[in-house]
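The values are calculated or read from the model by the stated rules, or taken from the named source; none is laboratory data. Here the structure is a predicted model, which means the values were calculated and not measured. Positions of Cβ are backbone-derived with ideal geometry, glycine not excepted, and every protein chain shown enters the neighbour counts. These area figures cover heavy atoms from the full protein model, side chains too; ligands, DNA and RNA do not enter into them. Shrake-Rupley method; radii C 1.70, N 1.55, O 1.52, S 1.80 Å.
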Amino acid sequence: MLAKVLFYGGLAAIGWTHAGYPLAAGALARVRPRPVAKGDILPTVSLIVAAHDEATVIERRVRNLLALDYPPERVEVVVASDASTDETDAIVERIARTERRVRLLPCPRGGKVHAQNLAVRRTTGEIVAFSDANATWAPDALRELVKPFADPDVAYVCGQLRLEQADGTNREGAYWRCEVRLRQSESELGSVTGGNGAIYALRRSDYVEVDPRFGHDLALPHLMVQHGRRAVSEPAAHAFEKPSRDLEDEYRRKVRMFEHCWLILLEGRMLRDVPPLYLAQLVSHRVLRYGSGIAHLALGIGSVALAGRGGIYRTVLAAQLAGLGLAAAGRLRAPVPGASLAYYYVLVTQATLVALARYLRLGVPAVWEKAEGTR
């Protein structure tokens, strides 16, 4: 009996979070969409970039924000330097001497969110917008990003991150394209379950200072919904970033990211006080996705225990072994169709388990390290 519970429970969880839920969300969004009342508005905006030792990219980032197609007098750019030890501060100060819209905010080392919280306190824009130091925004990105704020129900807007082609073996782009479509379906249903650090904004009146260990990407959307507000996606607001170079680099980034995900899931009370539909979205997209490693373990144990009965049990076990074999070919860089994607999937699934173990054993620090190859 236990083997069947593990088998069918694991199979259902994996199938629903990776295939069933995206299809169901897309179909439901077409049947009962909840439109956003966008408008050509021009609120004052405080653009905040948290940075720690970003000397190689910070000037490009600031110059890109200054060149946006938005009334200059309605924008300020604040670089919240998280105790940078390289030339980051000097570069920003040099730009600020000739550009009044730019300001350096030195911060004690406390992590990205801590620096962002300090920057929000020291700014005055009606909208607070955030971006990663290694991102680049399209010229019209800010104009598009603020349009949904014409809808009084909207508190949070994330733009669409487009990943550039990786220099090496990383296949994050294939996953991200699917993720972008799913987040758009969630937005059309009401609210997204997660954002992205490259491009997002909130009304100042809705900003919430979260635990510095949590991160904005997962914490802010569900907090907005808990407060009776909406967190939506604006696909016309484009940002661009370079992904990690190789799959192994991406694996390390995923472990760090999933540590924060487990922290928010287990300590952040994200499943409380939300409407039933949004609760279903959180469980489908977040709980089951982060638990995919556990689901695969359960499915594997159940498959081995029941393989002697033949039928679906032996078929699923064979499929799992074939997938692992394809991933092994991907690790060896063998020119086999689908091998690199299989290796990517196995690494990401493994990362969920490693991150959970690290979270339970060591906790989660507020400070972060840059992923290799993303600058």
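Just to be sure, is Asp132 open to solvent by 10 Å² or more (accessible area, probe 1.4 Å), acidic (Asp, Glu) and in contact with an Asp or Glu (Cβ under 9 Å, 6 or more places away or on another chain)?
Working: open to solvent by 10 Å² or more (accessible area, probe 1.4 Å): yes; acidic (Asp, Glu): yes; in contact with an Asp or Glu (Cβ under 9 Å, 6 or more places away or on another chain): yes.
Judged against the criteria, Asp132 is a match.
The one condition from (1) surrounded by 18 or more Cβ atoms within 10 Å (Cβ to Cβ); (2) in contact (Cβ under 8 Å) with a residue 60 or more places away in the chain that Glu164 does not meet is (1).
Restricted to the stretch 329-341, and to residues that are in a helix (DSSP H, G or I) and either of a type in the set (Asp, Glu) or open to solvent by 60 Å² or more (accessible area, probe 1.4 Å) (or both), which residue is farthest from Thr17 (Cα to Cα)? If we take residues in the stretch 329-341 being in a helix (DSSP H, G or I) and either of a type in the set (Asp, Glu) or open to solvent by 60 Å² or more (accessible area, probe 1.4 Å) (or both), then Arg331 is farthest from Thr17 (Cα to Cα). Considering the stretch 151-174, the residues that are within 24 Å of Leu265 (Cβ to Cβ) and not acidic (Asp, Glu) include one that is modelled with the lowest pLDDT, namely Leu161.
Taking the stretch 120-142 only, how many residues are among the polar types (S, T, N, Q), under 16 Å from the mean Cα position of the chain (by Cα) and part of a strand (DSSP E or B)?
Applying the first criterion (among the polar types (S, T, N, Q)) to the stretch 120-142 yields 123-124, 131, 134, 136.
Then drop every residue that is not under 16 Å from the mean Cα position of the chain (by Cα), which leaves 131, 134.
From the residues that got through so far, the ones that are part of a strand (DSSP E or B) too are 131.
Selection size over the stretch 120-142: 1.
Exactly one residue out of Val346, Val354 is closer than 20 Å to His285 by Cα, of a type in the set (A, V, I, L, M) and modelled with pLDDT of 95 or more: that is Val354.
When the stretch 94-119 is filtered for residues that are closer than 13 Å to Leu47 by Cβ and either assigned to a helix (DSSP H, G or I) or open to solvent by 30 Å² or more (accessible area, probe 1.4 Å) (or both), the ones remaining, listed by number, are Glu99, Arg101, Arg103, Gln116, Ala119. Of the residues making up the stretch 187-215, those that are part of a helix (DSSP H, G or I) and surrounded by fewer than 24 Cβ atoms within 10 Å (Cβ to Cβ) number 5.
Might you check whether a residue that is of a type in the set (A, V, I, L, M), touching a residue at least 60 places away in the same chain (Cβ under 8 Å) and under 24 Å from Ser187 (Cβ atoms) occurs anywhere in the stretch 63-72? Yes, the stretch 63-72 contains a residue that is of a type in the set (A, V, I, L, M), touching a residue at least 60 places away in the same chain (Cβ under 8 Å) and under 24 Å from Ser187 (Cβ atoms).
Selection within the stretch 350-369: residues that are of a type outside the set (A, V, I, L, M, F, W, C) and buried (at least 19 other Cβ atoms within 10 Å of the Cβ). The member of this set that is nearest to Ala51 (Cα to Cα) is Tyr359. Within the stretch 262-287, the residues that satisfy the criterion of being farther than 22 Å from Ala12 by Cα and surrounded by 16 or more Cβ atoms within 10 Å (Cβ to Cβ) are Leu263, Ile264, Gly268, Met270, Val274.
Listed by first and then second residue, the pairs linking a residue in the stretch 249-268 that is farther than 18 Å from Ala219 by Cα to a residue that is assigned to a helix (DSSP H, G or I) and modelled with pLDDT under 90, with Cβ atoms under 6 Å apart and 6 or more places separating them unless they lie on different chains, are Glu250/Glu172. Scan the stretch 152-159 and tell me whether some residue there is open to solvent by less than 10 Å² (accessible area, probe 1.4 Å), within 30 Å of Pro33 (Cα to Cα) and among the hydroxyl-bearing types (Ser, Thr, Tyr). Looking through the stretch 152-159, at least one residue is open to solvent by less than 10 Å² (accessible area, probe 1.4 Å), within 30 Å of Pro33 (Cα to Cα) and among the hydroxyl-bearing types (Ser, Thr, Tyr).
Quick check on the stretch 46-93: of everything there that is of a type in the set (A, V, I, L, M) and part of a helix (DSSP H, G or I), which residue is surrounded by the most Cβ atoms within 10 Å (Cβ to Cβ)? Talk me through it step by step, then tell me what you get.
Step one: list which residues in the stretch 46-93 are of a type in the set (A, V, I, L, M), which gives 47-51, 55, 57-58, 62, 65-68, 75, 77-80, 83, 90-92.
So of that shortlist, the ones also part of a helix (DSSP H, G or I) come out as 58, 62, 65-66, 90-92.
Details: Ile58: 25, Val62: 24, Leu65: 25, Leu66: 16, Ala90: 13, Ile91: 21, Val92: 27.
Selected residue: Val92.
Scan Arg181, Arg177 and give me the residue that is basic (Lys, Arg), modelled with pLDDT under 90 and open to solvent by 10 Å² or more (accessible area, probe 1.4 Å). Steps first, answer last, please.
Values: Arg181 fails: modelled with pLDDT under 90.
Going through Arg181, Arg177 in turn, the sole match is Arg177.
The condition (being open to solvent by less than 30 Å² (accessible area, probe 1.4 Å) and either in a helix (DSSP H, G or I) or among the basic types (Lys, Arg) (or both)) is satisfied by just one residue among Leu326, Leu317, Leu321, Leu299: Leu299. Against the list (1) under 22 Å from the mean Cα position of the chain (by Cα); (2) farther than 30 Å from Pro33 by Cα, the condition Ala305 fails is (1). Looking only at the stretch 14-45, count every residue that is open to solvent by 20 Å² or more (accessible area, probe 1.4 Å), of a type in the set (Val, Ile, Thr) and not in a loop (DSSP other than H, G, I, E, B) and tell me the total. Number satisfying all stated conditions: 2.
When Tyr344 is tested against the conditions (1) crowded, with 20+ Cβ neighbours inside 10 Å; (2) in a loop (DSSP other than H, G, I, E, B), the lone failure is (2).
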